[in-house]
Amino acid sequence: MKESQIKAVHQRDLRRLLKSLGVYEAVSCKTCTCFFCGCTIDEDTIAAVFPYGEEVCFCCGKPECCSALIDFEQEESYG
Ligand SMILES: [Zn+2]
């Protein structure tokens, strides 16, 4: 089974990842929202970061959003 391209990040690595993507400021200012449910994303609620087109999108830690993310990625990969 192929490992998902989307990896959950450890909190310690999160800031570095967000900074590398240029979205750390936006997350720390709580201006980002979950791609699926639209709730506010911050350093506590963020579960995943993934590219969508030109955008960097976020997924919160809700189980339904995490499973939606998996479905979403599979559609992207195989569609
Ligand atoms: Zn969500």
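Quick notes on this structure:
- Residue, nearest to the ligand (Cβ to nearest atom), within region 52-70, restricted to residues that are loosely packed, with under 15 Cβ neighbours inside 10 Å and in a strand (DSSP E or B): Tyr52
- Hits in region 13-51 (condition: assigned to a loop (DSSP other than H, G, I, E, B) and within 16 Å of the ligand (Cβ to nearest atom)): Lys30, Thr31, Phe35, Phe36, Cys37, Gly38, Cys39, Asp42, Glu43, Asp44, Thr45
- Yes/no for Ile6 being surrounded by 13 or more Cβ atoms within 10 Å (Cβ to Cβ), out of contact with any Ser or Thr (no Cβ under 8 Å at 6 or more places or on another chain) and at pLDDT 90 or above: no
The values are calculated or read from the model by the stated rules, or taken from the named source; none is laboratory data. Keep in mind the model is a prediction, meaning the values are calculated, not measured. Cβ atoms come from the backbone with ideal geometry, glycine included; neighbour counts cover every protein chain shown.
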